[in-house]
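Asks: Handing you this structure, nothing more for now.
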Amino acid sequence: MNRKNRKSHLVPLFTLSLVLVSGTIAILSLSTRLSSAQSRDPAPFSHALPSLDGSHLRATVVEVNYAPGEADKPHSHPCTVIGYVAQGAIRFQVKGGPEGVYKAGETFYEPPNGVHQVSANASDKEPARLIAFFVCDHETPLTVPPIEDHSGHGSK
């Protein structure tokens, strides 16, 4: 690759890096404000991401509101998901892992293609709100039917 082509690839990567850093700062700022509003010390969250190609990265932020007692059907996300509980409490389980309850101000990680078996409001009386941060390495729907075999080999 000649110097001119290499430089043309660096500009989008530099721009993407700035966007990701800005987004991270905004997320941390929001997390700190929400945690402080609840008189809780903000807990740092860090999780390694899977290997990504990086040429088609896209970040998407989605607000998910649960009515009292509401639950989602099992599903998968082709992308890495970081969840932040903004209100109430969420019951959460990815196939093969323990079921947990995450309260307002807490954060969790969901690997790409994991089967999200439990995603529900933990309360029958109060609403719950989740902010989901998707990091995708390609164009894809954010939610798909459960992916039972995520080894990449499929079933025969």
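The values are calculated or read from the model by the stated rules, or taken from the named source; none is laboratory data. Keep in mind that what you see is a predicted model, and the values were worked out from it rather than measured. Here the Cβ positions follow ideal geometry from the backbone for every residue, glycine too, while neighbour counts run over all protein chains shown.
Asks: Looking at the range 81-100 only, could you name the residues that are without any contact (Cβ under 8 Å) to a residue 40 or more places away in the chain and either touching a Lys or Arg at 6+ places or on another chain (Cβ under 8 Å) or closer than 16 Å to P127 by Cβ (or both)?
Replies: The answer is A89, R91, E99, G100.
Asks: Filter the range 65-89 down to the residues that are among the aliphatic types (A, V, I, L, M) and touching a Ser or Thr at 6+ places or on another chain (Cβ under 8 Å), then identify the one that is modelled with the lowest pLDDT.
Replies: So the residue we want is I82.
For every residue, the table says whether it meets (1) modelled with pLDDT of 85 or more; (2) outside any loop (DSSP other than H, G, I, E, B).
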residue	(1), (2)
L49	no, no
G54	no, no
Q93	yes, yes
G96	yes, no
